[in-house]
Amino acid sequence: MRRVASAVHRVLLTVALAAALFAGVLASCSGASAVKSRPPSKVSRELTTLYDAYVDARRSGTPLCPDAPWLRIEDDRVVVDATAAAGDARALEADLVSLGMRHAVAYERVVSGELPIGSIPALNDLETLAFARAAMGSPSSGRASPCAR
């Protein structure tokens, strides 16, 4: 009877270990991270990833070195393009300025400007926003970077 219980225990332990390994493999293959575990949002993945890197850099006291060199970052701000939910770009522009956006410009349904990186999570709470993403830029504008590439 003891041998049967011991064998059952080993089988259950093996199954639990295999399930844990399988879950880890699935998570790594799907690119799962803290960003993936968040609920669906109005904010693009690159902005959410940038915010996570910003928080980590602030905690560790190191310079912000995002993995995407095409992000247009100035000081603690990133240039974003935001699309208005109901087509009212002026209302969205006012909401974004209240979050600290500088140099806001509205055209049709899109508002562009420099948003504080720390304000990225607050974008999800804006009723006037349909979607926000980082504005595309060319890597390296000739300025020195604190990051070694």
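Within segment 62-87, the set of residues being surrounded by fewer than 16 Cβ atoms within 10 Å (Cβ to Cβ), among the polar types (S, T, N, Q) and in a strand (DSSP E or B) is empty.
Taken together, R45, R90, R3, R59 contain a single residue that is among the basic types (K, R), exposed (fewer than 10 other Cβ atoms within 10 Å of the Cβ) and modelled with pLDDT of 90 or more, which is R59.
The values are calculated or read from the model by the stated rules, or taken from the named source; none is laboratory data. Everything numeric in this text was worked out from a predicted model, so none of it was measured. Here the Cβ is made from the backbone with ideal geometry for all residues, glycine too, and neighbour counts use every protein chain on show.
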